[in-house]
1. Just subtract the alpha-carbon distance of Q128 and I162 from 0.36 nm times their residue separation and send over the number in nm, one decimal.
2. Assign unit charges at the C-beta atoms only (+1 for Lys and Arg, -1 for Asp and Glu), then state the dipole size of the range 51-154 relative to its Cα centre in Debye, rounded to the nearest 20.
3. Only counting other Cβ atoms within 10 Å, I'd like I162, I254 sorted with the fewest neighbours first.
4. What share of the DSSP beta bridges in the range 51-154 is antiparallel, in percent to the nearest 5?
5. Given the Cα-Cα distance of Q279 and D171 and 0.36 nm per residue of separation, how much length would full extension add, in nm?
6. Note down the relative contact order for the range 51-154 as a percent, whole number, built from C-alpha pairs under 8 angstrom at least six residues apart.
7. Check cross-link reach from K78 to the lysines: straight Cα distance under 22 Å, and skip same-chain residues fewer than eight apart.
8. Could you compute the net charge surrounding R215? Neighbours are other residues with a C-beta less than 15 Å from the C-beta of R215; K and R count +1, D and E count -1.
Amino acid sequence: MNWTSKCMGRLMLVVGAAIASSAGAQVSGVATSTTATNSASNTQAVRIVVDPRRETLARMLKAVQVEFREQRLEDVMKFLAEVTGADIEVMWIDDQNTTGLDKETIINLKSNGASALKLMERVLEKAQGGSTQGENTWQLSDTGTLQVGPKVRLNTYKRLEIYDIADLLVDVPRYSNVPQFDLSSVLSNSGQGGGGGQSPFQNNTQNQTTGFGDRTQKTSDLITLIQELVETEQWVDNGGTGGTIRTFQTALIINAPDYMHRALNGYSFWPSGQQQVSQVKGRRYVSFSGSLENSHIDGFAERKVSAVVGGKIISSDGGGR
């Protein structure tokens, strides 16, 4: 066997087909394989990378049918963690925190197949505990942990996001004095023949106006709109401890907890078609649907390939003709 045949004998093609479910699985896989030589053989190595936040959200969208009767809040949270398999971190009242969820709060609630996430939101609503506790909600940490509790506690966990708003600041030109087209002049000139003649357009002077104001004012108006619709009381400018907004050129730099970013822009790792935006009590609210139960890696397989080398067809298994 010549040197070319030996080299070609090491060639293998690995075909990986990943079939994503309707929930838009964003799974990336890397597979490597080396053909067995005369003396040794290497096995395939497969690496799958999945956003942990996406996995947690998928678990929390599992349908749950249950009825809680005089159940302690701590037991309810344990049930949700067990039935979904999600990592849930609850902000309880303890020796270090006077603001949080009370483990002894009694919950009476029934779910007829709603998602565990929707059930969690209803439980948190019932566990408000009065005006001193503030509103309860949930958010996802970078490691995929579902954090639940009063917003004032969740405000401790912030992240910085940069939102490009250049497309919202574009000035669309408006022409208030466009030229008029003289049809009768065109028809009369067409019968005379020859070139030249008077232009059919009258009053060619065009006054271009925008009518939208300057960029600084539009940016300020956008910030005001955000702070009025998204978690109004939580912005530092409004006296809260949640988020701050700063501007740089055509971008908004927002430092805020996850639940505020979610209300503002949803989750980029979840299909946009399964994120529903609505207004609840005058505020922007984003809900989620879908499932990843059908997502899977279809498989990896070895396929023989051939190449023409020196006028001969050489196969990856070492054969040739």
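No value in this document is a laboratory result; all are computed from the given coordinates. Just so we're clear, the structure is a prediction, and the values are computed from it rather than from any experiment. Positions of Cβ are generated from backbone atoms using ideal geometry, with glycine treated the same way; all protein chains shown enter the neighbour counts.
1. Going from the current span to full extension adds 9.0 nm.
2. 400
3. Starting with the residue having the fewest Cβ neighbours, the order is I162, I254.
4. Percent antiparallel among DSSP bridges in the range 51-154 is about 75.
5. The Q279-D171 span can extend by a further 36.0 nm.
6. Here the relative contact order equals 35 percent.
7. Counting by Cα, and skipping residues close in sequence, K78 has these lysines nearby: K62, K103, K110, K118, K126, K151.
8. The answer is -4.
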